[in-house]
2 protein chains.
Amino acid sequence: MGMPVVGIIGAGQLARMLQPAAVALGVRLRVLAARSDESAAQVIPDTVLGDQDDPQSVAEFARGCDVVTFDHEQVPAPVLEHLVELGVAVRPGPGALIHAQDKGVMRELLASIGVSCPRWTRLPSVVESAFTEAAAFAEQVGWPFILKATRGGYDGKGVWRIDDAAQLREVLDGAAARGVELMAEALVPFVRELSAQVARSPHGQAVAYPVVETVQRDGVCREVYAPAPGLDADRSAEAQHIALTIAREIDVTGMLAVELFQAADGALIVNELAMRPHNSGHWTIDGAVTSQFENHLRAVLDLPLGAPTPHAPVAVMANVLGLDLPDLYPAYLHCMARDPGLKIHMYGKAVKPGRKIGHVTVLGAGLDDCVERARHAAAYLRGEIDE
Amino acid sequence: MGMPVVGIIGAGQLARMLQPAAVALGVRLRVLAARSDESAAQVIPDTVLGDQDDPQSVAEFARGCDVVTFDHEQVPAPVLEHLVELGVAVRPGPGALIHAQDKGVMRELLASIGVSCPRWTRLPSVVESAFTEAAAFAEQVGWPFILKATRGGYDGKGVWRIDDAAQLREVLDGAAARGVELMAEALVPFVRELSAQVARSPHGQAVAYPVVETVQRDGVCREVYAPAPGLDADRSAEAQHIALTIAREIDVTGMLAVELFQAADGALIVNELAMRPHNSGHWTIDGAVTSQFENHLRAVLDLPLGAPTPHAPVAVMANVLGLDLPDLYPAYLHCMARDPGLKIHMYGKAVKPGRKIGHVTVLGAGLDDCVERARHAAAYLRGEIDE
């Protein structure tokens with residue numbers, strides 16, 4: 001039937017959640033996994049075991065794929081450049097992806113196109129010089145401030161809040177010992193966090209999803225409210241415009257998530273970029289006409305994009321973070337019986353404390369009710385509530 | 001994580017469409033396929049090749065499954081009874097499934113519980129006796145009437161409209177030559193066809209989906225309108241009540257579809273039963289909070305059932321029947337660009353004239369608009385429209 005093959009590097013839950021969209025479209029997925037029991041490998045027959053850091057292994061995987069895309073951004077640039085040299089369609093391309101891989105490159109780009117960011121500076125690798133520069137930076141922007149690894153951080157890892165000189169030295173020493181490059185950023189006094197997601201295809205079409213509010217705890221996303229409660233139409237359009245501008249300027253193909261701080265006066269400041277389906281868009285699987293996973297596939301295949309229209313006035317997503325309940329399935333009985341509208345998504349991952357092992361979504365007319373339903377189910381599924 | 005394994009006998013598109021629901025729930029599917037390129041085998045890693053007519057082959061397949069269910073009803077009773085003897089949870093069980101396998105058994109059951117059916121009679125296997133009895137039956141109910149194979153018919157196959165004695169003899173001769181058992185049925189002067197779907201679990205919980213109208217051509221379902229346009233609330237409740245009653249009386253587990261004729265005076269007459277996800281419920285994938293596929297899994301696993309609530313006032317599904325376009329993918333460009341709300345589902349099947357190779361669904365506020373959108377897309381995808 002002439003259906004294309006989409007290769008995915010990485011076999012986590014984002015690759016897994018591409019499979020339902022691919023099943024519907026008749027598009028074939030091939031996934032590069034490190035182990036045969038990874039989340040996506042459990043549900044995609046064409047699973048190839050290989051090393052994503054090895055250019056030959058990845059090139060072999062890519063043979064026969066019409067396009068190659070990603071479960072995560074941590075694929076080394078030389079591996080991607082090798083694919084491009086071989087003529088493989090890599091989407092997003094390495095030139096775009098670098099802005100999600102390296103926060104320094106991202107900040108420079110955003111500054112150059114006039115998008116609001118926290119004040120920041122790169123730090124040198126020598127600890128003494130880094131200490132002097134960071135302390136001087138803190139004197140300008142105020143203590144406490146933020147240190148970030150420019151590469152490899154996620155879910156709160158690679159981000160430190162620095163209250164004093166002793167803490168500064170400790171983090172700098174630790175980073176130097178592991179060869180981690182750092183940058184310093186002003187602590188933004190935000191009142192909440194938002195996420196603006198867009199899909200963009202190689203020929204330049206783009207669609208913007210409703211802007212959502214994300215609730216983090218310990219640097220990890222816990223809940224998402226779609227649309228962001230009380231966000232006025234102008235501010236919502238501004239957030240969408242920022243995401244569309246970034247997508248165009250750096251030639252993103254596929255999904256782009258722009259994580260934003262919102263200040264007390266309403267102003268928007270860009271925090272992070274993600275160039276793939278994103279946790280802040282999981283609500284779209286059940287809550288929108290076209291999920292972020294379907295639109296990611298459509299975008300990387302350069303097909304016309306689908307409507308991001310929501311099904312209900314409110315959608316709330318809550319992550320299920322592993323606690324100590326090894327066997328979640330019995331909790332299905334309570335959760336499903338309590339709430340016939342609950343949508344459960346489990347990733348087939350072993351339970352480890354703090355690990356994202358699934359999520360739930362509920363749709364409804366009112367925020368408070370939806371938050372209560374989603375929060376209860378996420379807590380019960382992880383074993384937090386005894387009743 | 002203690003997640004159950006659901007075995008599916010048969011690897012057609014219904015088994016395929018169970019996979020997205022299973023991916024979300026974290027439930028593992030194992031499918032028994034005749035060939036590795038069948039529709040479901042393409043998307044379910046745990047595919048076992050085997051012969052569904054061979055008790056040993058099916059028993060081996062079932063080992064390690066927590067429950068076994070079906071893509072279609074054409075599994076021989078001795079195969080199922082062997083599974084039950086081995087202690088395998090077979091859902092629906094052979095005692096329920098026989099009512100979808102044998103139209104004579106189904107008609108007897110429906111008569112015994114007072115559900116309205118066409119007048120009918122079993123015919124003997126000897127052609128001369130069958131001719132005499134069928135002709136006498138036709139004199140009572142009027143010509144033309146219907147002959148049906150009691151077993152194995154689908155999509156208009158195994159059903160003949162008999163206008164005269166010559167045609168009667170021809171069909172009887174053909175059936176006798178192939179060893180096909182027949183029954184005669186009165187031709188019901190219906191104005192439209194409806195389908196009432198329910199899910200029912202072993203502990204007796206059941207949910208009813210909105211009653212839909214199905215539009216057939218040449219015995220094959222072409223379009224489904226959800227909910228059935230202009231069906232008054234009492235009649236809708238009556239159809240749901242019929243389906244719930246049948247499900248309870250014959251102890252159905254999983255999805256049950258009751259296909260109904262509606263007469264000019266509004267009366268409902270049962271035509272066929274299907275005990276599995278059904279073409280008349282494909283709209284629920286995109287159009288309801290819980291799809292028929294998810295509820296089938298939840299039902300056979302004896303989990304609480306999900307809400308059948310629709311997302312929009314109207315959903316229209318149109319089947320894509322193969323014509324002569326071997327490569328459908330280029331048609332995606334036109335269809336997706338014309339209608340960003342269109343939901344395309346392709347089954348990974350080779351194109352053959354008249355074969356169901358996919359379907360499309362659209363949601364909206366008005367029936368006429370939705371029908372136009374779905375009909376256009378289904379026609380274009382099969383290659384019917386040159387523009």
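The values are calculated or read from the model by the stated rules, or taken from the named source; none is laboratory data. This one's a predicted model, so the numbers in the text were calculated from it and none came from an experiment. A quick note on method: Cβ atoms are made from the backbone with ideal geometry, for glycine too, and the neighbour counts reach across all protein chains shown. Note: areas computed on protein heavy atoms with side chains; ligands, DNA, RNA excluded. Shrake-Rupley method; radii C 1.70, N 1.55, O 1.52, S 1.80 Å.
Brief remarks on what is shown
- When B:Leu301, B:Leu333, B:Leu323 are checked against the criterion of being open to solvent by 20 Å² or more (accessible area, probe 1.4 Å), more than 11 Å from chain A (Cβ to nearest Cβ) and either farther than 19 Å from B:Ala228 by Cβ or in contact with a helix residue (DSSP H, G or I) (Cβ under 7 Å, 6 or more places away or on another chain) (or both), a single residue qualifies: B:Leu323.
- Selected residue (only one of B:Pro4, B:Pro20 is open to solvent by 30 Å² or more (accessible area, probe 1.4 Å), at pLDDT 95 or above and within 14 Å of another protein chain (Cβ to nearest Cβ)): B:Pro20
- Looking only at residues in segment B:353-387 that are of a type in the set (D, E, K, R) and in contact with a strand residue (DSSP E or B) (Cβ under 7 Å, 6 or more places away or on another chain), the one that is nearest to B:Pro310 (Cα to Cα) is B:Arg373.
- Any hit, segment A:224-235, residues being open to solvent by less than 20 Å² (accessible area, probe 1.4 Å) and either on the phi > 0 side of the Ramachandran plot or touching a residue at least 60 places away in the same chain (Cβ under 8 Å) (or both): yes
- Subset of segment B:311-338 (residues that are within 13 Å of B:Leu381 (Cα to Cα) and in a loop (DSSP other than H, G, I, E, B)): B:Gly322, B:Leu323, B:Asp324, B:Leu325, B:Pro326, B:Asp327, B:Leu328
- Any hit, segment B:356-363, residues being more than 11 Å from every other protein chain (Cβ to nearest Cβ), closer than 30 Å to B:Gly230 by Cα and either part of a loop (DSSP other than H, G, I, E, B) or among the hydrophobic types (A, V, I, L, M, F, W, C) (or both): no
- Residue in segment A:68-84 that is in contact (Cβ under 8 Å) with a residue 40 or more places away in the chain, under 28 Å from B:Ala377 (Cβ atoms) and within 14 Å of chain B (Cβ to nearest Cβ) present: no
- Taking the numbered list (1) farther than 20 Å from A:Leu168 by Cβ; (2) open to solvent by less than 20 Å² (accessible area, probe 1.4 Å); (3) aliphatic (A, V, I, L, M) in turn, A:Ala130 passes all entries but (1).
- Residue, surrounded by the most Cβ atoms within 10 Å (Cβ to Cβ), within segment B:345-387, restricted to residues that are in contact with a His (Cβ under 9 Å, 6 or more places away or on another chain) and over 27 Å from B:Ala15 (Cα atoms): B:Ile385
- Of everything in segment A:204-233 that is under 17 Å from the mean Cα position of the chain (by Cα) and among the polar types (S, T, N, Q), the residue that is nearest to A:Arg355 (Cα to Cα) is A:Gln216.
- Boolean, B:Val43 is at pLDDT 95 or above, farther than 19 Å from B:Arg298 by Cα and surrounded by 24 or more Cβ atoms within 10 Å (Cβ to Cβ): yes
- Listing of strands (runs of 3 or more DSSP E) fully contained in segment B:130-213 that carry 1 or more residues being β-branched (Val, Ile, Thr): B:145-149, B:159-162, B:190-200, B:206-208
- Against the conditions (1) open to solvent by 20 Å² or more (accessible area, probe 1.4 Å); (2) modelled with pLDDT under 95, B:Trp120 satisfies every one except (2).
The rows are residues; the columns are (1) of a type outside the set (Ser, Thr, Tyr); (2) out of contact with any Asp or Glu (no Cβ under 6 Å at 6 or more places or on another chain); (3) crowded, with 23+ Cβ neighbours inside 10 Å.
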position	(1), (2), (3)
A:Val27	yes, yes, yes
A:Ala33	yes, yes, yes
A:Ser39	no, yes, yes
A:Thr69	no, yes, yes
A:Val75	yes, yes, no
A:Glu81	yes, yes, no
A:Glu85	yes, yes, no
A:Gly104	yes, yes, no
